[in-house]
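This report concerns only the one structure given below.
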């Protein structure tokens, strides 16, 4: 369980004893943890439409001494990149053999933890959303751009009207300008979350487009913006994250899309195959 | 074991009984299986500098009736994309739950098979080659472009002078024009192999640059062009291949690079971190 | 007038005196100049479905001594890159001041020559094709990729469903696989023509999609594959070509699209503007 | 002369009569016009390290009634995108023929105005900076990405160690992290200026790298961050800007680089040519 989730679970234990107004405020706070981590009680109150005093009283009702005490706890739930870097410096240097073992067994763990978190209903809902979208935009920034490229290409090969963007900023805003309710946006974002991805999903929601998130926590900035989500475990022996389990989720999604309407998909595969062979780009241009 | 490898093993059983000239011819054939699959005995002979009759006699010495019989066997060792598509059409449609199980357990299998094929010496040699390269070009086409993007970005974050190319054809040729012996090219290519990747590695070898292949068979077109290689198992429940184990190989490589000189790498990570924070691109711009 | 065009004009002078069969053969030759430049009379005949003797007799009817003499003329009409490089080596080194003068006055010449070749009907036809396309793929390889990127982005900003591809080979083939008759492909290619662009336009024509070429000669490989075309003069003081006049053609096209339905376009511009301002990517996020 | 330049000229007329402190404040204001356009006198003072009263007195010394009056003038010097869109809506729809004439003659005007602003010394300094850089990063966002792609590719073809980035945000920050004093950054940015480009040039200056700007005004956000600059006139008959004259500036730069050391450059051109021919990507793979 990530720190964010345990914080959420901890706070929700108090929910039954809260007033309706306090419950609304708590939900606002859970939706804006990264804001709360640095805002004053007054600022949080202003955004939520309540007084600073109401914010402080909620903190006390949740078992904290006051707002500062509460905020300290919120901050501690955020993973720290600096801490990750420091951890690397103090680690005992492994020999190559044990490194293979450690990396691959951690990734087996990532796969099995991720598999357990996949809900059958969610998978089916994602498959339906992809089948019915007029156009599909897949977006991930930084390291997630690799997954976004893989997924968009795989969708295209199966005949779905997908595309991706490898640039950010202005180009994301340009795509966002023409999204509408028949479109689907698939956002991919892991800790350390990139603003562009969240901004694109927010825009998609505003115009009524469908949204899917592939992310690492149910309380990640993009998870809260998505109609459907896949939660991926990304533990790594190094400073960074592992995208191995995320790649397996993409394998699953592609297989589920394929078997949902194998006839339609294999027809697309045949078209792609014949176009590839004509292009002369492949080394082995033949079949048995 | 892939069909290519079993063919190779089968043919090499006969090696002790062959003449020196036949052994050279057999090596030529093993190096050019995709050519042999479609060339006549005379064409193979001409390329190898022997007569058609010599080619035929070798086939007989290897236990085949003649060249046609041998060639048929060679062709059968190539995976067939059309067959893969046909397999999909006849498969029993799985329910979503069993699909999760099937995809993830096949990927666990891919991971453990891949881990077993990683040689410690090869990993160390790759790490050294990356540390000493003046510049590193990572290239993969089609679906492999995603891995190439991930690896190039991860290397940059660790401070290595890496870049990738997302385009092919002319741009690959342009990069190839200025490669020299202090450079390193990492090629990523899986069945159905793309010509551009092999062409780039061939060029790299010509000019004396170092070469690394991430591929799916020791007899793949790029494996034979590489100084060092990682062999990845890519089995999939669908028409396509799984890149899950390949992603785990990249995790391993990044970790091995990091621990080889943690001080140098963490200094790079700190520079990147501070530049990211200044840029304001991340949602959480702070550390505990 | 380029060498290709003067050759074409020269050959067509003889057309009235040719038999129907000879006229068909001449058209085949004009369509395949780059093949003819290196094929034998027999090879040309086989491709065209006539005898070698028929090819030779046509050459004589066109005023040449025979096929070799004709082929020599064809070859001479192709610009030579090696010659361009050699020219650079022998040029007198200009002082910087005269270089500014030479480059800019040559580009003024490129603009005025290009403007004269723009047909009003062709411009209107291109505007209509863009307005009615279901989707628009803009493609150029090598240096033309820059124009392709500019045009695709400009079309998007005006609300047209355009996209481009910055990669070649396999990715072009993948786009080609799903083209159909309601799509439009805009190919941009100048001497030294890239195969991928021609292949994509050929595929587009096969499936009945609309095609537009931005190129440097009415007999360039892509001009012959296009429903409509803009011919751009690209003369340069260096080894390469100038894309200055091509950029002005794109300015013209954008203006013509805008004024064709200013209401629809300004609505798109307002959506883009508001999305840009929300994104915070621009330095000046305001209007007077 | 753009509005910014005339404002600058106007304000500098008063410079001789200002105290040293006021001169420093005026320079701060000229460097931060887009900030001043929206900040209060107090905010400007705080940033500049003086009191609000000092800001107001400077405004009066410059001939304005007070800060509000001065700020109004500053705001008026910024071009307005909304105004540009409105202009389009009211324009008389031109027939296609006159549009060709208008677009091309405006671009001839853009070329000649741009040529006049090119300083011979600046051109030579840019050529030297490119020749001596260890590595060259060319960057432009939005529509300027097209010019950046063209320039980076042209530099590579001439054998210079150039690259570009087509993505923004995080990837720009990653490049920025490892810049150092032997590197060169060429930023391309026109009104409406993109933050990423300015951020990258700022970073380059911080670490002592060389910087070149291709932009539309000597007071544009990136002009002030550049060691050397080319000012391009970008007037357009539509809502957008024309990059035609910018393309001509790139032609000039390429020619100047080529003639600075034709021997070195033609050797690079020959290597590229031979690599292109080997790649089989070009339609005409031969020379006369």
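Some points to look at:
- Among D:161, D:218, D:16, residue whose mean-square fluctuation peaks in a GNM of chain D (springs only between Cα atoms under 10 Å): D:16
- Counted by neighbouring Cβ atoms within 10 Å, the residues B:251, D:261 run from fewest to most as D:261, B:251.
- FRET efficiency, residue A:98 to residue A:261 (Cβ-Cβ, R0 45 Å, nearest 0.05): 0.45
- In the stretch B:111-279, the DSSP beta bridges split such that about 0 percent are antiparallel, to the nearest 5.
- Among B:64, B:81, the order by Cβ neighbours within 10 angstrom, fewest to most, reads B:64, B:81.
- Equivalent-ellipsoid semi-axes of the stretch D:71-209, from the Cα gyration tensor, Å, largest first: 33, 20, 16
- In the elastic network of chain B, a GNM with C-alpha springs shorter than 10 Å, the most mobile of B:123, B:99, B:166 is B:99.
- Antiparallel bridges, percent of DSSP beta bridges restricted to the protein assembly as shown (to nearest 5): 5 percent
- Rg/Rg_globular for the stretch D:160-288, with Rg_globular taken as 2.2 N^0.38 Å and Rg from C-alpha atoms: 1.26
- Taking every residue in B:188-196 and counting other chain Cβ atoms within 10 Å of its Cβ, the average works out to 5.
- The stretch D:3-76 - percent relative contact order, Cα under 8 Å, separation 6 or more: 28 percent
- Helix-only mean residue ellipticity at 222 nm for chain D, each DSSP H run of n ≥ 4 adding -39500 (n - 2.57), per residue, nearest 500: -18000 deg cm²/dmol
- Put the Cα centre of the stretch D:225-288 next to the Cα centre of the stretch C:145-204 and the gap is 22 Å.
- Across chain C, the mean sequence separation of Cα contacts (distance under 8 Å, 6 or more residues apart), normalised by length, yields a relative contact order of 16 percent.
- Prolate/oblate/rounded label for the protein assembly as shown (Cα gyration tensor, a/c 1.5): oblate
- Mean shadow area of the stretch A:3-76 over all directions, Cα convex hull, nm²: 4.1 nm²
- Gyration tensor over the Cα atoms of chain C: the corresponding equivalent ellipsoid has semi-axes (square roots of 5 times the eigenvalues, largest first) of 39, 25, 17 Å.
- This ranking places B:234, A:114 by how few other beta-carbon atoms lie within 10 Å of each, fewest first, which gives B:234, A:114.
- Comparing A:63, A:187, A:168 in a Gaussian network model of chain A (Cα springs below 10 Å), the most mobile by mean-square fluctuation is A:63.
- Taking a ≥ b ≥ c as the square roots of the eigenvalues of the Cα gyration tensor, the stretch B:144-192 is oblate, since a/c reaches 1.5 or more and a/b is not larger than b/c.
- Between 0 and 90°, nearest 10: helix B:144-157 axis offset from chain B longest Cα axis: 40 degrees
- Summary value for the stretch A:1-153: 15 percent relative contact order, contacts being C-alpha pairs under 8 angstrom separated by 6+ residues.
- Over all distinct Cα-Cα pairs of the stretch B:229-288, the Kirkwood formula returns a hydrodynamic radius of 14.5 Å.
Any read-out appearing in this document is the output of simple, stated calculations on the displayed coordinates, not a laboratory observation. Remember, predicted model here, so these are calculated numbers, not experimental data. Note that we place each Cβ from the backbone using ideal geometry, even for glycine, and neighbour counts take in every protein chain shown.
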